[in-house]
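Inspection log for the structure reproduced underneath, given as structure tokens.
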Amino acid sequence: MVFTAVLLIAAIASLNLVVDPFGMYRLVDLAGLNSHKPAIDHRVRLTKAYDVRRIRPQGIILGTSRSHLGLRPSHDGWDPAAKPVYNLAFDGATTKEMYQYLLHAHAVRPLRQVVLGLDTYHATRAPAAARPDFDPHLLDSPGGWVLPSLIRADLKVLASLDTLRASVTTVRSQRDSEPQWFAPDGQRRGEVFFRRAGEQFEELGPRGYFEEIDRLEVGFKREGQLAAGARLPARAAQPETAASETSLDYIRRIIAFCRAQRVDLRIFIAPEHVHQLEITAAIGEWTTLENAKRALVELLAEDAAQHPEAPPIPLWDFSGYSSITTEALPEPGSRAEMRFYWDSSHFKDVVGDLVLDRLFGLSHPGRPVPADFGVQLTAATIEPALARLRAAQLAYRRSNPQDVAWIRSLVDGSPSDPRGPGVVAVSQPR
Amino acid sequence: MLFNSYAFILGFMPVTLLLFHGLLAAGLARSSIALLALLSLGFYGWWNPIYLLLIVPLIVANFALAACIVPRAGRRPRAAKPLLILGIVLNLATLGYFKYANFFVDNLNAVSGLDLVLGKVVLPIGISFFTFQKIAFLVDAYRGKVDRLNFIDYALFVTFFPQLIAGPIVHHSEVIRQFRERAAVSMPTIALGVTIFAIGLAKKVILADTAALYASPRFDAVAAGARPDALAAWGAALAYTAQLYFDFSGYSDMAIGAGLLFGIRLPVNFASPYKADSIIDFWRRWHITLSRFLRDYLYVPLGGNRKGPARRYVNLSITMVLGGFWHGAGWTFVIWGALHGFYLVVNHLWRALRGRSGHGPESFTALGRGLGQAITFVAVVIAWVFFRSEDVGSAVQMLLAMAGSNGVGRLESVESAGALAVSTLLLAIAWFAPNTQELTGYEGPEGAYATTPACRPPTLRWQPSAGWAVAVGCLFGIALMLMSKVSEFIYFQF
């Protein structure tokens, strides 16, 4: 009985190993059998855990889909000693997940350089969370006794009927000519991803798509508001989230880990389009945004105080009103493209290159970084920077009344009760 | 660790079996029992080692009380009674604190407008089950039904890991003798154990988990304020009916299978309950070891049926309400228990009525039995709605929806049709397929404490043969592979 069970499992695991639907091993790559791997699309956390094992990077990018799409591991500013560089950012990454993937990559091969892309919602005292497809068993961590990854991760995935199903789908989908947007260095290729036939970017056009994402953003930010509200203790008996388990604390852990392991860490707040900032302000969360930036500065100041001998970890803030982030939308009805943005959340490679230029202190004659793009936040600069941001906001509103009115209409038209739009929207667009 | 976890199946179980059978083969039978008790504590501590600080002192205290009661029982019952009461209070107070303290404080606050604050008391796993086993032991010690006391046997009786977390609720008389009479475990017994474990695991991960996909989202949605149509509501209620049965009976099967691997026969806990043709019959088939505990240690001491029909019905109702409350500290469970108490009273009244009018207490015609089975099943489903719902309000909404208050709905709705089709298929297995005992011929411990309902002669009887080994092996393999989920995440924004 046990023998039969083992035989059956071994047979299916071998099949999964050969077809390798999630691109974990890439041992066999045969056109017509498995070279096209659509199952990766929705299992990026799994695929990236194994990419790290195979590629063994010494430089990584941590962040959300913004970094996943916009930052090139092939940028020329990376420390040559940190190569190969891998884009380890993924959709909806939480700080807890980023921390675990940092540990994983470092356990596979000690890291030299890490670029961490944050959004302001990360630096809050909301409870640390993980997404449904996050599985800590797939990841290594330095030190401590754990089951070998062969049992806890490989066998678990290979001997799974879910994987068998994905294998079958993979083999059957070889004739689809869907282009692969998942680059070998971990970046999501926006040029491929957004331009797939039938996807919303193509269907609605850049302008229509931008508006659609604005609409979804309002729902998402409301959802965030509710989540933050829910954490307030409704009754005295409910303990507040322990300080060591907040989203902010995992940023602290990332900083401490990189310090302890002498990893060159550079942090930035992503250059979202100003429509995102306007939505944040319109739903009444501007103070939260400012406090998030203050919290990050405070974390880094603490770290610097503990390590007076070493250079402080830099924090660059691109989330403001700059010549990049205020890019005008295409005219309604036109199919013209924006230069810098796919939508209000996701910037293009050209912007990502400027971000990395700033982070690495690089200046290219061919691509000058606008002076107003990015400000280094420190204890000394934070308050003036926030004051300038508020002034820039007023100026933007004066000169772009239509954009402001559009966002106002979205916010006013959106119900704010728990059953309003929100997470329901996230399956769109894929 | 749960039975349906890799840590248990691939880690704990092989190591424990190897050590146990090694000691047994070396002729160290007593040591093998002590080892099982120790490893069982390890199994329990896996959840949270802090629980050991509760269960170990409780075992020691109960054993000490029993050791004081046994010599006094029979000859000096007056001297033994305070000790028995102390023991019962100790066990019930522990259960009461860990399981019910939050419930009482919340309700007291709600009624009185007070704002008493009690930190969240974490419920140690399995406490409801082992509390009952310990109380039964003390009561029987008092009644002079415990002859020989041995600490290791007692410790294993309480902690034996296959039954520690979710039953069957073992009676000392049926296992302690097995601990004393250790002999090498035969290969057919081990094969039977693996088979029953595999059947249980398959019930859990193939059938119950599938049913849950159709039940949980709908019940959760109702709790969040959704108002489903009648077809959707019935789909969810039936899916949950299937889920709970396959989940719990699968877990009991795994416990029995695991017990057999050590040569210990645990009592049968389920015997096709949805085939019951009356509620009385249902409770002889559902969670059998709980029914017999409630009967012998609650219903009978309350007076049972010895004080006239009126008192009998009151006793029955009290027993079922408390039985419901034992399942969980919430009003939904109390109502579930009360409903079953009510059903049982109606059932008994009906039988009395039939008896008086010259018929036998039970119908013998196929139509009568079929009708009885249908009525029983619907009554059970209605009660399960309370058992599953977040709160009483959600349960009422679900029942109203089932009654059509939100419209009947359309069968073309993919979700409703899916839920109804899957539930019907799963329930058809529960109604028409042979159960584990019928399939394997397993009968529980010798001289079992309670008799199980007569089994149908099986059409397909398991044997320790090569063909069956391959079939069960495949089932086991598939169930194992279903345990590993590789979740998808369809999410692009942010």
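The values are calculated or read from the model by the stated rules, or taken from the named source; none is laboratory data. All values derive from a computational prediction rather than experimental measurement. Backbone-built Cβ (ideal geometry, glycine too); neighbour counts: all protein chains shown.
Descriptive notes on the structure:
- Selection of first residues in region B:107-119 that are more than 12 Å from chain A (Cβ to nearest Cβ) and on the phi > 0 side of the Ramachandran plot and of second residues that are part of a helix (DSSP H, G or I) and modelled with pLDDT under 75, restricted to Cβ pairs under 9 Å at least 6 apart or on distinct chains, gives an empty result.
- Taking each residue of region B:17-37 that is under 19 Å from residue B:194 (Cβ atoms) and looking for partners that are among the polar types (S, T, N, Q) and surrounded by 14 or more Cβ atoms within 10 Å (Cβ to Cβ) with beta-carbon atoms closer than 7 Å, six or more apart or interchain, yields B:20/B:32; B:24/B:32.
- Being basic (Lys, Arg), more than 21 Å from residue A:154 (Cβ to Cβ) and surrounded by fewer than 22 Cβ atoms within 10 Å (Cβ to Cβ) is a condition met by no residue of region A:16-28.
- Residue check, residue B:214 aromatic (Phe, Trp, Tyr) and touching a Phe, Trp or Tyr at 6+ places or on another chain (Cβ under 8 Å): no
- Of all residues in region A:29-43 being of a type in the set (D, E, K, R) and farther than 26 Å from residue A:103 by Cβ, the one that is surrounded by the most Cβ atoms within 10 Å (Cβ to Cβ): A:37
- For region A:7-55, the set of residues classified as among the basic types (Lys, Arg) and closer than 15 Å to residue A:170 by Cβ consists of A:26, A:37, A:43, listed by residue number.
- Of the candidates A:72, A:54, A:109, the single residue that is surrounded by fewer than 23 Cβ atoms within 10 Å (Cβ to Cβ) and without any contact (Cβ under 8 Å) to a residue 40 or more places away in the chain is A:54.
- Residue match in region B:85-102 (condition: in a helix (DSSP H, G or I), in contact with a Leu (Cβ under 6 Å, 6 or more places away or on another chain) and either acidic (Asp, Glu) or under 30 Å from residue B:180 (Cα atoms) (or both)): yes
- Failed condition for residue A:118, given (1) closer than 30 Å to residue A:280 by Cα; (2) in contact with a strand residue (DSSP E or B) (Cβ under 7 Å, 6 or more places away or on another chain); (3) buried (at least 22 other Cβ atoms within 10 Å of the Cβ); (4) away from chain B (no Cβ under 13 Å): (4)
- Selection of region A:79-110 for residues being hydrophobic (A, V, I, L, M, F, W, C) and under 19 Å from the mean Cα position of the chain (by Cα) yields A:85, A:88, A:89, A:90, A:93, A:98, A:102, A:103, A:105.
- Test for residue A:178: is it touching a residue at least 60 places away in the same chain (Cβ under 8 Å) and either within 30 Å of residue A:35 (Cα to Cα) or of a type in the set (Ser, Thr, Tyr) (or both): yes
- Subset of region A:166-199 (residues that are surrounded by 17 or more Cβ atoms within 10 Å (Cβ to Cβ), within 14 Å of chain B (Cβ to nearest Cβ) and of a type outside the set (A, V, I, L, M)): A:167, A:170, A:181, A:182, A:188, A:190, A:193, A:194
- Verdict on residue A:75 being closer than 18 Å to residue A:138 by Cα and more than 13 Å from chain B (Cβ to nearest Cβ): no
- Condition check for residue A:329: surrounded by fewer than 21 Cβ atoms within 10 Å (Cβ to Cβ), at negative phi and either touching a residue at least 12 places away in the same chain (Cβ under 8 Å) or out of contact with any helix residue (DSSP H, G or I) (no Cβ under 7 Å at 6 or more places or on another chain) (or both): no
- Taken as a whole, the condition of being more than 23 Å from residue B:249 (Cβ to Cβ), among the polar types (S, T, N, Q), modelled with pLDDT of 85 or more and surrounded by 14 or more Cβ atoms within 10 Å (Cβ to Cβ) does not apply to residue B:435.
- Selected residue [more than 21 Å from the chain's Cα centre (by Cα) and either more than 9 Å from every other protein chain (Cβ to nearest Cβ) or surrounded by 15 or more Cβ atoms within 10 Å (Cβ to Cβ) (or both)] from A:62, A:8, A:46: A:8
- You will find that of A:89, A:105, the residue that is touching a strand residue (DSSP E or B) at 6+ places or on another chain (Cβ under 6 Å), in a helix (DSSP H, G or I) and modelled with pLDDT of 90 or more is A:105 and no other.
One line per residue, one yes/no per condition, for (1) at pLDDT 95 or above; (2) out of contact with any Lys or Arg (no Cβ under 9 Å at 6 or more places or on another chain); (3) surrounded by fewer than 18 Cβ atoms within 10 Å (Cβ to Cβ):
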position: A:343; (1), (2), (3): no, yes, no
position: A:348; (1), (2), (3): yes, no, no
position: A:355; (1), (2), (3): yes, yes, no
position: A:365; (1), (2), (3): no, yes, yes
position: A:382; (1), (2), (3): yes, no, no
position: A:387; (1), (2), (3): yes, yes, yes
position: A:405; (1), (2), (3): no, yes, yes
position: A:416; (1), (2), (3): no, no, yes
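- Filtered residues of region B:63-91 (kept if closer than 20 Å to residue B:123 by Cα and surrounded by 13 or more Cβ atoms within 10 Å (Cβ to Cβ)): B:88, B:90, B:91
- Residues of region B:52-62 that turn out to be surrounded by 19 or more Cβ atoms within 10 Å (Cβ to Cβ) and either out of contact with any Ser or Thr (no Cβ under 8 Å at 6 or more places or on another chain) or without any contact (Cβ under 8 Å) to a residue 24 or more places away in the chain (or both), as a count: 1
- Test: residue in region A:256-263 that is of a type in the set (Gly, Ala, Ser), part of a helix (DSSP H, G or I) and farther than 20 Å from residue A:394 by Cβ: yes
- Some residue of region A:273-283 being in a loop (DSSP other than H, G, I, E, B), modelled with pLDDT of 95 or more and either out of contact with any strand residue (DSSP E or B) (no Cβ under 7 Å at 6 or more places or on another chain) or crowded, with 19+ Cβ neighbours inside 10 Å (or both): yes
- Considering region B:146-184, the residues that are of a type in the set (Ser, Thr, Tyr) and crowded, with 23+ Cβ neighbours inside 10 Å include one that is farthest from residue B:130 (Cα to Cα), namely B:154.
- Region A:206-252, residues that are of a type in the set (A, V, I, L, M, F, W, C), in contact with a helix residue (DSSP H, G or I) (Cβ under 7 Å, 6 or more places away or on another chain) and at pLDDT below 75: A:243
- Residue match in region A:246-263 (condition: crowded, with 16+ Cβ neighbours inside 10 Å and closer than 20 Å to residue A:372 by Cβ): no
- Taking region B:149-184 as the range and being under 23 Å from the mean Cα position of the chain (by Cα) and not in a helix (DSSP H, G or I) as the test, the residues that pass are B:160, B:165, B:166, B:167, B:168, B:169, B:170, B:171.
- Considered as a group, the residues in region A:11-42 that are within 10 Å of chain B (Cβ to nearest Cβ) and at pLDDT below 90 include one that is farthest from residue B:469 (Cα to Cα), and that residue is A:41.
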